[in-house]
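The values are calculated or read from the model by the stated rules, or taken from the named source; none is laboratory data. Treat the numbers as computed from the prediction; the structure is a model and nothing was measured. Don't worry about glycine lacking a Cβ; one is built from the backbone with ideal geometry, like all the others, and counts go over all protein chains shown. To get the accessible areas, we keep the full protein, side chains included, count just its heavy atoms, and leave off ligands, DNA and RNA. Shrake-Rupley method; radii C 1.70, N 1.55, O 1.52, S 1.80 Å.
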Amino acid sequence: MTRCNRLLLAAFSGLIASPLFAQQSGSQTVLPVKNTYAISKGDTEQDILAKAIRVVPTSKQYAALQDEFIAFIHFGPNTFTKMEWGNGKEDPRIFDLKNLDTDQWCATMRDAGMKKVILTVKHHDGFVLWQSRYTDHGIMSTGFRQGKGDILKDLSQSCQKYGLKLGIYLSPADLFQIENEKGLYGNLSTYSKRTIPRRVEGRPFQNKKTFEFDVDDYNEYFLNQLFELLTEYGPVHEVWFDGAHPKTKGGQKYNYAAWRTLIHTLAPEAVIFGKEDIRWCGNEAGGTRKTEWNVIPYDADPHNLEGFRDLTEDDLGSRAQLYTAKYLHYQQAETNTSIREGWFYRDDVYQKVRSADDVFDIYERSVGGNSTFLLNIPPNRDGLFSAEDVEVLTEVGQRIKEGYSTNLLEEAIQLQLKLRSNLSTTFVLDRGHIEFVTKKPIRINRFVLQEAIQTHGERIEKHALDVWRDGKWEQVAEGTNVGYKRILRFPVIEGSKFRVRVSESRAIPVLSNIGAFYVPVRPPQLAIRKDVNGQVTIAPQRHEFGWKPHGEDAVANQQSSFTIYYTEDGTNPTSKSQQYTGAFVPQASRIKAVAVDGAGMLGPMVDETIGFAKKQWKVISNSSERAKATAAMAIDEDPDTYWHSSATGATQSIEIDLGAMCDFSAFSYTPQRKHPEGMMAKGKLFTSVDGKVWSETGSFEFGNLINDPSKRKHVFSGKVRARYVRLVSTEITGNGNSLSMSELDFYP
């Protein structure tokens with residue numbers, strides 16, 4: 001045993017007499033580290049804590065934690081039907097794939113900073129993406145490469161080329177096997193001894209290992225396919241199971257014990273999601289807990305469980321939860337969500353894509369909150385990641401690389417290690433804190449802590465970061481637990497002396513890594529909004545993404561401090577322009593604005609022409625309206641509402657009283673972006689000064705709205721003076737027969 005290890009053990013065994021740290025009772029014997037500890041009937045609360053801090057990840061769990069940012073890929077018939085869940089009755093030929101470029105996938109994932117990709121080789125519809133011997137419901141029955149294509153094979157080769165680990169998602173649910181009259185799922189077959197894999201004439205296995213299991217028909221089918229996946233596509237590092245049951249039949253049960261034996265034997269490095277190794281975070285939105293413990297209580301030995309319930313509570317591993325346990329087990333969380341609205345690709349227009357700010361925020365919250373970030377990227381019908389997805393992922397990768405490649409405490413850490421005899425990179429905070437001094441001041445906005453969870457488990461319950469400023473310590477940020485990794489985020493500070501302070505811990509804290517970083521955070525894109533009273537507000541742009549909202553403010557979470565400046569005279573704003581302090585009534589129709597941070601960095605400029613205030617506007621008449629999409633919603637200045645006609649036909653109309661005579665030179669039409677129905681391709685505008693005598697002011701045409709449903713502006717040849725306006729559609733995109741409108745505006 002090295003001197004350092006002896007010192008660490010001594011520090012652990014002789015826990016200091018402080019209320020901050022849990023005390024061990026009895027003989028103070030150091031317990032061995034384990035993945036799971038049983039709680040004995042006579043264990044005290046202190047005995048339970050003593051066991052909790054010795055629960056550690058297995059080597060493969062720790063390797064999975066180190067992957068940090070990984071990818072999910074959903075691809076199949078749903079990609080072409082635009083469905084989220086298929087029904088198992090799809091004709092395989094509907095998967096009309098012509099091209100496939102898994103190199104593009106892997107290059108993009110690598111550039112994003114991802115370490116592993118999990119392919120949905122079979123979703124709930126039962127369609128398989130590899131050349132399985134045991135079904136023809138899959139890629140072999142499509143026209144892709146004359147039925148010889150194998151998407152998993154392509155991806156496996158690309159993973160090796162680009163240095164990514166490979167995982168597989170094989171859905172236990174199988175609607176094809178349920179709906180097909182010869183299907184195996186729930187067919188009430190008897191359990192009997194079966195040899196896995198079952199031999200198939202002309203398709204021998206290179207791997208000659210066999211297994212004997214007492215199973216029914218569907219479990220045999222599932223095990224045969226698992227054998228194929230785990231032996232013919234290179235190393236598999238994660239096997240992903242979910243608990244979805246879109247439909248069941250015949251009381252079908254899954255023989256997880258047999259599945260587990262097969263996986264442990266054929267893929268010993270693979271972690272199993274949804275079972276004993278990795279758990280679901282509890283949502284599909286990218287939501288994270290403020291405190292994510294990976295040492296959690298169980299009522300039974302998790303290594304022998306057949307089923308695992310979803311853990312969705314906010315508190316999974318506090319002391320109060322541990323005291324109720326019969327077993328303590330290390331089981332890390334995966335924070336999973338999709339870059340698009342849905343798991344499968346639908347289109348590039350109405351299926352919104354997360355912003356780079358949002359994805360990077362989830363990365364910092366999940367990876368920096370003791371979990372792994374699993375982000376789904378659905379390929380499109382051309383076999384590629386879509387351009388917008390690639391753009392977002394590339395930017396996120398650049399932010400990770402730029403922000404977390406250089407530890408600005410490196411020299412100070414080396415000095416600390418030298419003071420500690422330079423025997424280990426592990427820091428024992430036996431006084432509850434540790435200080436670092438740099439040779440010169442550094443600017444930072446992120447601080448990273450990692451506990452020595454492989455050897456000392458999870459201990460820290462509350463901590464803070466301080467900076468020495470003006471002759472005293474000043475708290476910069478605080479957090480709860482640490483575990484594998486905690487990222488503290490705060491506005492940029494400058495200093496040369498920092499302190500990590502632990503105020504609550506289950507035992508003496510032992511850290512494996514400490515780092516200070518500067519993550520470049522560009523001031524945000526702004527949006528200029530006008531209300532019905534004509535008051536203007538300027539704020540960070542709200543990114544459109546309506547799928548499973550996580551409730552987080554990605555821009556605010558980045559902790560960027562900035563000031564907004566604007567102009568009304570047409571010049572570009574700078575830090576010397578008018579500062580925005582709150583809503584105002586503009587003196588001109590054109591406003592430019594920009595956000596500027598403390599270092600003088602400018603964000604993207606926004607340039608907006610403001611239309612007339614709508615306080616006095618009234619809808620006089622309309623061709624028709626729907627109950628929850630009334631005509632008044634076309635002039636309410638709310639981007640989330642819209643008018644939608646109920647009558648059929650390309651000719652629809654809306655008539656508005658502007659409340660006073662106005663001189664205007666242009667109008668704009670903002671289509672609703674919830675769905676493609678009802679967008680106005682062509683139309684005519686009529687005006688009146690008294691609401692009785694009308695004249696045609698002009699016709700207009702808006703092109704490519706289906707692919708670009710953005711606000712469209714039509715400028716008249718000269719000024720138009722009127723109080724009443726009537727807008728009439730003459731053509732709806734896609735030969736539609738109803739009209740929708742998010743907002744109508746008129747400009748001076």
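The single condition among (1) out of contact with any Lys or Arg (no Cβ under 8 Å at 6 or more places or on another chain); (2) buried (at least 19 other Cβ atoms within 10 Å of the Cβ) that K115 does not meet is (1).
Residue by residue, here is whether (1) modelled with pLDDT under 95; (2) assigned to a strand (DSSP E or B) holds:
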{"residue": "Q414", "(1), (2)": "yes, no"}
{"residue": "P441", "(1), (2)": "no, yes"}
{"residue": "V448", "(1), (2)": "no, yes"}
{"residue": "A464", "(1), (2)": "no, yes"}
{"residue": "V467", "(1), (2)": "no, yes"}
{"residue": "E474", "(1), (2)": "no, yes"}
{"residue": "A477", "(1), (2)": "no, yes"}
{"residue": "V482", "(1), (2)": "no, no"}
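For segment 8-29, the tally of residues that are assigned to a loop (DSSP other than H, G, I, E, B), surrounded by 13 or more Cβ atoms within 10 Å (Cβ to Cβ) and at pLDDT 50 or above stands at 1.
In this structure, does L393 turn out to be surrounded by 15 or more Cβ atoms within 10 Å (Cβ to Cβ), at pLDDT 95 or above and part of a helix (DSSP H, G or I)? Write out each step before concluding.
Values: surrounded by 15 or more Cβ atoms within 10 Å (Cβ to Cβ): yes; at pLDDT 95 or above: yes; part of a helix (DSSP H, G or I): yes.
So L393 fits the description; yes.
Restricting the search to strands (runs of 3 or more DSSP E) fully inside segment 487-595 and requiring at least 2 residues that are open to solvent by 30 Å² or more (accessible area, probe 1.4 Å) gives 510-517, 536-540, 562-567.
Having 1 or more residues that are β-branched (V, I, T) and free of Cβ contacts under 8 Å to residues at least 40 places away in the same chain is the bar; report the strands (runs of 3 or more DSSP E) wholly within segment 634-748 that clear it. If you could, list the steps in order and put the result at the bottom.
On the way: elements: 653-670, 680-688, 695-701, 712-732, 743-747.
Correct list: 680-688, 695-701.
Residue-by-condition table, conditions (1) without any contact (Cβ under 8 Å) to a residue 12 or more places away in the chain; (2) touching a helix residue (DSSP H, G or I) at 6+ places or on another chain (Cβ under 8 Å); (3) crowded, with 23+ Cβ neighbours inside 10 Å; (4) closer than 30 Å to P77 by Cβ:
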| residue | (1), (2), (3), (4) |
| --- | --- |
| V271 | no, yes, yes, yes |
| K275 | no, yes, no, yes |
| G287 | no, no, no, yes |
| D315 | no, yes, no, no |
| A325 | no, yes, no, no |
| Q332 | no, yes, yes, no |
| S338 | no, no, yes, yes |
| R346 | no, no, no, yes |
| V349 | no, no, no, yes |
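Report yes if G88 is of a type outside the set (K, R) and crowded, with 23+ Cβ neighbours inside 10 Å, otherwise no.
Working: of a type outside the set (K, R): yes; crowded, with 23+ Cβ neighbours inside 10 Å: yes.
Against the criterion (of a type outside the set (K, R) and crowded, with 23+ Cβ neighbours inside 10 Å), G88 qualifies.
Total residues in segment 218-236 satisfying the condition of being in a helix (DSSP H, G or I) and farther than 16 Å from S171 by Cα: the figure is 1.
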